[in-house]
Amino acid sequence: MRTISKSLILIVFTLSIFLCSAQSDCTATEWEKQILLKNPSILLTDRYLANFNFSNILLDDRTCYLGYIGDNYQRLYINFTEIHKETSTEYSVKGNTAVKSNLCDFNGTIIIKRLCELQHYYYGVDDEMKGKIKKQGFTLADILLCENNTQKGSGIFKGILLIKWYVDTNNVLLYDDIANSSDSYCNNQFLGKWTSYRTNVSKKCAWGHYRIPCSGDLDIGAAEFSVNPKYNDWGERWNYCGEKKQFEWDIASETDIETASSEELGDLKSEKSWSNDCNSNYYVGFDVVGAFFRFSTNYAMNTKIKKVNATTFAIYFSFPIIRPIPDDMQDCLNYAENIPIAKIERIDDKLKFTWFGFYDTKKKKRVHTQNPFNTNQESVILQKCDR
């Protein structure tokens, strides 16, 4: 009987994993029904909701969130930057999304509606976790993410969130990675719709760790997620995450950067320059061509500037090349023109200047990553100087 019991548990577990990628009915409502049907569970009381905090599980960055939007499975990047537990059932959320070169910030809420304990635990290969788990289960939640309506191509994400968890013998709630050796392993799954503010048109969308629910023929991988070659717009870097703190700034933009207009630049565009020290020879000036940087007698360069939102601009390296070319920058012809080298954020009458460095297309990494205004800081505050 013990052998039969283990087999039954394995079958139940395999069925639940299958939901990570393939469903015949791809509505969020039907997906939720199938999760409950194929994962026999017990509904836990509100006492557990008060004690559990799922923020760290959702913020877990061991892997990318793989995601798509629309019937053509366009690559969707999503990043949660902040998640805070507000009540036993409600969480506030902040983050950003990217589709191609379109970047949006969002705020939102997660409302827990089901906290379920599995009737049959899974202990991993050879039961290696047996005796190390006090509880194991999953959580279903409603999620609503509202992108900044002042940003281009913004809208609202609405759908169902699935979180898999377990509690260890120290009563710590943890991300359930016990089955991560399974071919179909997944966690932190979302299925729902995105609706445009401007057109009110809705598109299906989904994301998740390791696998994406309702991904149709997008995912053709057996042992792990693998993109069907017919969806070539995902590109060779489809599994690229980027650094969490600058997720949206590590994605290549379109080849031709559309420089911010005079109206978009506002009072950034003037005869005066900006610097962290108005007595120094390190400064930046802005006009409709872009941004002009002068770093003492070392070098000067032109860049292009693109508006990201009402207060933020992206800076891109631009030819003609740096003059004079310093000895350690002789390879500047390899610097990408479509990946931001810096960003500028308006803070009252000042600018926060964050430097990322140039992206070297040959070395496939960023170079000269120290902020030219202050090599000891990633970000500096610039003020308008009378010159």
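The values are calculated or read from the model by the stated rules, or taken from the named source; none is laboratory data. Just so it is clear, the structure is predicted and the values come from calculations on it, not from any experiment. Reconstructed Cβ throughout: ideal geometry from the backbone, glycine too, with neighbour counts over all protein chains shown.
Residues in segment 295-322 that are surrounded by fewer than 17 Cβ atoms within 10 Å (Cβ to Cβ) and at pLDDT 65 or above: how many? Number satisfying all stated conditions: 6.
Among the residues of segment 69-111, the ones that are within 15 Å of the chain's Cα centre (by Cα) and of a type in the set (Asp, Glu) come to 2 in all. Scanning segment 112-157 for residues that are in contact with a Lys or Arg (Cβ under 7 Å, 6 or more places away or on another chain) and either farther than 19 Å from Gln34 by Cα or modelled with pLDDT under 95 (or both) returns Tyr123, Leu144.
Please go through segment 219-233 and give me each residue that is modelled with pLDDT of 70 or more and either closer than 21 Å to Gly155 by Cβ or among the basic types (Lys, Arg) (or both), ordered by number. Of everything in segment 219-233, just one residue is modelled with pLDDT of 70 or more and either closer than 21 Å to Gly155 by Cβ or among the basic types (Lys, Arg) (or both), namely Lys230.
Taking segment 134-228 and the strands (runs of 3 or more DSSP E) fully enclosed by it, the elements with 3 or more residues that are surrounded by 20 or more Cβ atoms within 10 Å (Cβ to Cβ) and touching a strand residue (DSSP E or B) at 6+ places or on another chain (Cβ under 6 Å) are at 155-168, 187-196, 202-209. Determine which single condition Phe292 fails, assuming it passes every other condition in (1) at pLDDT below 70; (2) among the hydrophobic types (A, V, I, L, M, F, W, C); (3) assigned to a loop (DSSP other than H, G, I, E, B); (4) not assigned by TED's automatic domain parsing to the domain that holds Cys104. Of the numbered conditions (1) at pLDDT below 70; (2) among the hydrophobic types (A, V, I, L, M, F, W, C); (3) assigned to a loop (DSSP other than H, G, I, E, B); (4) not assigned by TED's automatic domain parsing to the domain that holds Cys104, the odd one out for Phe292 is (3). Scanning segment 99-110 for residues that are within 23 Å of Leu162 (Cβ to Cβ) and in contact with a Lys or Arg (Cβ under 9 Å, 6 or more places away or on another chain) yields Val99, Phe106, Asn107, Gly108.
Give me the pairs: first residue in segment 140-169 and without any contact (Cβ under 8 Å) to a residue 60 or more places away in the chain, second residue surrounded by fewer than 18 Cβ atoms within 10 Å (Cβ to Cβ) and among the small types (Gly, Ala, Ser), beta-carbon distance under 7 Å, and six or more apart or on different chains, which are they? Within 7 Å, the pairs are Gly155/Ser196.
The set of residues in segment 106-115 that are in contact with a Gly (Cβ under 9 Å, 6 or more places away or on another chain) and crowded, with 19+ Cβ neighbours inside 10 Å comprises Phe106, Gly108, Leu115.
Screening Asp348, Asp360, Asp328 for residues that are in the same structural domain as Gly285 (by TED's automatic domain parsing), under 28 Å from the mean Cα position of the chain (by Cα), surrounded by fewer than 13 Cβ atoms within 10 Å (Cβ to Cβ) and of a type in the set (D, E, K, R) leaves exactly one candidate, Asp348. Going by the conditions given, is Ile83 in contact (Cβ under 8 Å) with a residue 24 or more places away in the chain, within 27 Å of Ile178 (Cβ to Cβ), in contact with a Ser or Thr (Cβ under 9 Å, 6 or more places away or on another chain) and β-branched (Val, Ile, Thr)? Here the answer is yes, as Ile83 does meet what is asked.
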